[in-house]
Amino acid sequence: MSHASLTPQRKSSEPAAPTPQLPAPQPVVPTQREISAEISAAHARAAEAVTAGAAPLDHPPRNFAPYRSSVLRHPRQPLVRVEDPEAAELHGPVFGVTDVTDLDADLTRQHLGEPLGERITVSGRITDRAGRPVRGQLVEVWQANASGRYAHQRDQHPAPLDPHFTGVGRCLTDDQGGYRFTTIKPGAYPWRNHDNAWRPAHIHFSLFGTAFTQRLVTQMYFPGDPLFPYDPILQSVTEPAARERLVASYDHALSVPEWSLGYRWNIVLDGPAATLPDPEEGS
Amino acid sequence: MPRPTPSQTVGPFYGYALPFPAGGSPAPAAHPGAVTVHGVVRDGAGVPVPDALLEFWQAAPDGSLTGHPGSLRRDPVTGGFLGRDGVHFTGFARVPTDADGHWTLRTLGPPAATPYLSVCLFARGLMHHLYTRVYLAEPPADALLDALPADRRATLLAGGEGEGVYHFDIHLQGEKETVFLDFDR
Ligand SMILES: [Fe+2]
C-alpha cells in the first residue's frame, strides 16, 4: 500500500551520496481478482460472525480494505456511546419552502435543452425505524450523466459532458414521507481503486430525519446490474439482505406512458429517534 | 421493525451538489456574538483530507433546539442561492474542506445546557459518516467529557486563538485520533 515501502532505505549514519535518478516508485495497482478475493473473504468473515450469534450488520464496516480509501480514514478506537436524553443530536436541522425551488426535483428541466439518456422517475417513501413517515425533510440527490460523467472538474473519465444535465436535485418529503425525482438513468463509470474498476450505475442520496442522529448519505442502485459483484463500495455492505435494500425495483405503475420509466426505492433511516415519541402524536 | 437502509460513502464528487453559499456561516451577518471555529481534517498518515464535508448542528444561544428553515435559501427566479436571510439562526452549517483539508465555521456560541457543536463528518473513504463534538470551552460538568480519559477528552476541546476564534482539528485515525460518537439505541 505505502509508497514508502518501495523507496530504497538509507541508514542515517551513511554519508549522503549523490542521488541517483531512480525510476519513480510504481504504486501497486490491485487486480479485480485480488479485490474480489478480499471481498469474498470479508463476506465470509461476516457470515461466520452471524452464524456464531452476532447481529447482522446493517451498515458497512468502517474499515473495508477492498475500498482502498477507507484504510487511512477509519478510526481505530471504538466509538464512544452517548446515552444522554438531552443530547442536541436527538434534534436536528429543519428545511422549508425557501430551501427548494419547483424545478429542483426535475433534473431534466434545469437547462435550456433536454439531457441525453433514458428518462426515469425515482420515487419512494422515507420512514424511521418505527415505520413512521419522515415529513417535510430535505432529500438531495446527485449523479453522473447518461455517459457516466459527473459535472465535477475532478472527474477525468473521458466520457462526454452533457450541457443539458448537471445531475443535482432536491425536494422536501410530503406528509406520507414521499419523495419523487425525474431524471435520466446514470451511466456506469470507471474509477481507480483497482485495475479495471467500474462503479455500477447509482444515484447518490442525502437524507435528514427529525434527529441529527438519523442522518444518512447513501447510494441507490438499479436492479440487475452485472457490475454489482465487482464493486467494493456496494459490497462493503457485507450482509446480503442489507445490500438488497440499496437496489431500487422497477415499478411499472410508476412509469409514465410515452415519457419515463419508474423505479421505486424506499428508505429507512437508522438512529435512536425511532424510540422517541412521535412529535405529532400525544401531548 | 423495518431494517435501516445501509450507509454508502459520499464519494469524491458531491462538491457540485451538497455545499451551498454561506453554508459555513450560520451566524446572522453582523451579529456581535459570532465566533469563528476552524481546523484541518487529517487521515491516519497525518495527511490533510481535501475532500471531506463537515456538517454542524447546535442549539441557538437561547437554548432552542428547534432549528429554523432557510440554510439553503433559494432564489425562485434564477434557481440559484440567495444565501441566509441574515436574521434567523438555522442551527445548521455545511462546509467542505479546501485543498489543504481546512474548514472554517462562523457561528454563534452554543448555550450552557448543550455547550457543544455537533459534527457529522463525511468523506471519500468513509463508508459511514462519523459524529463528534466541538466544545468551545470546558463545561463545569459534562456526561460525555467526564467519562473520557484526559488525552481522549482533549480531542473534543477547541483551542482558543484570541477573541472569538477557536481551533479544532479532526484526526480520523492514529495517535491523536478524535473521539467519535455512537448514538444508537
Ligand atoms: Fe458516484
The strands (runs of 3 or more DSSP E) lying entirely within the stretch A:182-271 that contain at least 2 residues which are within 16 Å of the ligand (Cβ to nearest atom) are A:189-191, A:197-199, A:202-207, A:216-221
Considering the stretch A:70-85 alone, what residues qualify as being closer than 29 Å to B:L65 by Cα and more than 7 Å from every other protein chain (Cβ to nearest Cβ)? A:P78, A:E83, A:P85
Pick from the stretch A:149-181 the residues that are away from the ligand (no atom under 16 Å from the Cβ) and within 11 Å of chain B (Cβ to nearest Cβ): which of them is most open to solvent (accessible area, probe 1.4 Å)? A:L172
Yes/no for B:V10 being more than 16 Å from the ligand (Cβ to nearest atom), outside any helix (DSSP H, G or I), out of contact with any helix residue (DSSP H, G or I) (no Cβ under 7 Å at 6 or more places or on another chain) and open to solvent by less than 30 Å² (accessible area, probe 1.4 Å): no
Taking the stretch A:216-232 and keeping residues open to solvent by less than 10 Å² (accessible area, probe 1.4 Å), under 22 Å from A:L57 (Cβ atoms) and in contact (Cβ under 8 Å) with a residue 24 or more places away in the chain leaves A:L216, A:T218, A:Q219, A:M220, A:Y221, A:D231, A:P232
Which numbered condition trips up A:W142, out of (1) surrounded by fewer than 21 Cβ atoms within 10 Å (Cβ to Cβ); (2) within 16 Å of the ligand (Cβ to nearest atom)? (1)
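Table: residues versus (1) surrounded by fewer than 18 Cβ atoms within 10 Å (Cβ to Cβ); (2) farther than 29 Å from B:V179 by Cβ; (3) not charged (D, E, K, R).
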{"residue": "B:R3", "(1), (2), (3)": "yes, no, no"}
{"residue": "B:Y16", "(1), (2), (3)": "yes, yes, yes"}
{"residue": "B:S25", "(1), (2), (3)": "no, no, yes"}
{"residue": "B:A29", "(1), (2), (3)": "yes, yes, yes"}
{"residue": "B:L53", "(1), (2), (3)": "no, no, yes"}
{"residue": "B:D75", "(1), (2), (3)": "yes, yes, no"}
Given (1) of a type in the set (A, V, I, L, M, F, W, C); (2) surrounded by 15 or more Cβ atoms within 10 Å (Cβ to Cβ); (3) more than 29 Å from A:V71 (Cβ to Cβ), number of the condition A:L246 does not satisfy: (3)
In the list B:D43, B:D51, B:D85, which residue meets the criterion of being within 16 Å of the ligand (Cβ to nearest atom) and of a type in the set (D, E, K, R)? B:D51
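I need a count of the residues in the stretch A:92-105 that are at the interface with chain B (Cβ under 7 Å from one of its Cβ atoms) and in contact (Cβ under 8 Å) with a residue 12 or more places away in the chain.
Total satisfying the criteria: 7.
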Give me the residue from the stretch B:14-40 that is modelled with pLDDT under 95 and hydrophobic (A, V, I, L, M, F, W, C) and, out of that set, nearest to the ligand (Cβ to nearest atom). B:A29
Filtering the stretch A:257-276 down to residues that are among the aliphatic types (A, V, I, L, M) and modelled with pLDDT of 95 or more yields A:L261, A:I267, A:V268, A:L269
In the list A:E48, A:E89, which residue meets the criterion of being modelled with pLDDT of 95 or more and either touching a Pro at 6+ places or on another chain (Cβ under 9 Å) or within 7 Å of chain B (Cβ to nearest Cβ) (or both)? A:E89
Hey, B:V10 hits all of (1) free of Cβ contacts under 8 Å to residues at least 60 places away in the same chain; (2) at the interface with chain A (Cβ under 7 Å from one of its Cβ atoms) but one; which does it fall short on? (1)
Would you mind stating whether B:A45 is touching a Leu at 6+ places or on another chain (Cβ under 9 Å) and either more than 9 Å from chain A (Cβ to nearest Cβ) or open to solvent by less than 40 Å² (accessible area, probe 1.4 Å) (or both)? no
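The values are calculated or read from the model by the stated rules, or taken from the named source; none is laboratory data. Since we're looking at a predicted model, the values are computed, not measured. Methodologically, a virtual Cβ is constructed for each residue, glycine included, from the backbone with ideal geometry; neighbour enumeration extends over all protein chains shown. These accessible areas exclude ligands, DNA and RNA; they are computed on the full protein's heavy atoms, side chains included. Shrake-Rupley method; radii C 1.70, N 1.55, O 1.52, S 1.80 Å.
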